[in-house]
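Chemist: One structure, as structure tokens, below. Some questions next.
The values are calculated or read from the model by the stated rules, or taken from the named source; none is laboratory data. Quick caveat, the model's predicted, so the values are computed rather than measured. So basically every Cβ, Gly included, is an ideal-geometry build from the backbone, and we count neighbours across all protein chains shown.
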Amino acid sequence: MKVVHIVVGVACIAFVAGAAGWGAWCWYRLQHGRLFWRLLRAGQASVVLEAALGGVLLILGYRESDLHVIYGLLPVAVSFVGELLRIASAQTVLDSRGLESANAVGELPEDEQSLVVVSILQRELGVMVLASFVMLALLIRAWGTAP
């Protein structure tokens, strides 16, 4: 069981590192990153699986340092907060342009609609790239505190 925990932990780091790196490149290039979102979702799923496996190991009597447990759980929280901020980022873009809702975007000229959509996508990407980098740092720290 401990070997599975280690393998999933390495997969977490790989997926999240890939998402952070590729997402940063896409954000810099102003590109939509489908691969980023797939890597991010795989990373998020593996982080949740890793936390669950760690919980099972604790229930089975394996004792880890408190720091390892904290650093192992924090990426789940960061991912959740990142998603909340990602959702709020669309409203932030609309508010900055004086638009009340997404329906108001439909009333704009087509070129302005595209600009608003690109701004929202870029902001969402940026928020989740930052969350990925924080998750990566926490996962590496969790690995470093493992016995």
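Chemist: Determine which single condition Ala142 fails, assuming it passes every other condition in (1) closer than 16 Å to Ile13 by Cα; (2) without any contact (Cβ under 8 Å) to a residue 40 or more places away in the chain; (3) over 11 Å from the mean Cα position of the chain (by Cα).
Modeler: The failed condition is (2).
Chemist: So, one more: Going residue by residue through the stretch 25-33, is there one that turns out to be surrounded by fewer than 13 Cβ atoms within 10 Å (Cβ to Cβ), out of contact with any Leu (no Cβ under 7 Å at 6 or more places or on another chain), polar (S, T, N, Q) and free of Cβ contacts under 8 Å to residues at least 12 places away in the same chain?
Modeler: No, the stretch 25-33 contains no residue that is surrounded by fewer than 13 Cβ atoms within 10 Å (Cβ to Cβ), out of contact with any Leu (no Cβ under 7 Å at 6 or more places or on another chain), polar (S, T, N, Q) and free of Cβ contacts under 8 Å to residues at least 12 places away in the same chain.
Chemist: Filter the stretch 86-107 for residues that are under 25 Å from the mean Cα position of the chain (by Cα) and surrounded by fewer than 16 Cβ atoms within 10 Å (Cβ to Cβ) and give the result.
Modeler: Ile87, Ala88, Gln91, Thr92, Asp95, Ser96, Ala102
Chemist: While we're here: What's the number of the only condition in (1) modelled with pLDDT of 95 or more; (2) exposed (fewer than 13 other Cβ atoms within 10 Å of the Cβ) that Arg63 fails to meet?
Modeler: Every condition holds for Arg63 apart from (1).
Chemist: Enumerate the pairs (first residue in the stretch 110-135 and free of Cβ contacts under 8 Å to residues at least 24 places away in the same chain and more than 14 Å from Cys26 (Cα to Cα); second residue anywhere and surrounded by 15 or more Cβ atoms within 10 Å (Cβ to Cβ) and of a type in the set (A, V, I, L, M)) with beta-carbon separation below 6 Å, excluding pairs fewer than 6 apart on the same chain, so at least 6 apart or on different chains.
Modeler: Sorted first by the residue in the stretch 110-135, then by its partner, the pairs are Gln113/Val105; Val116/Val105.
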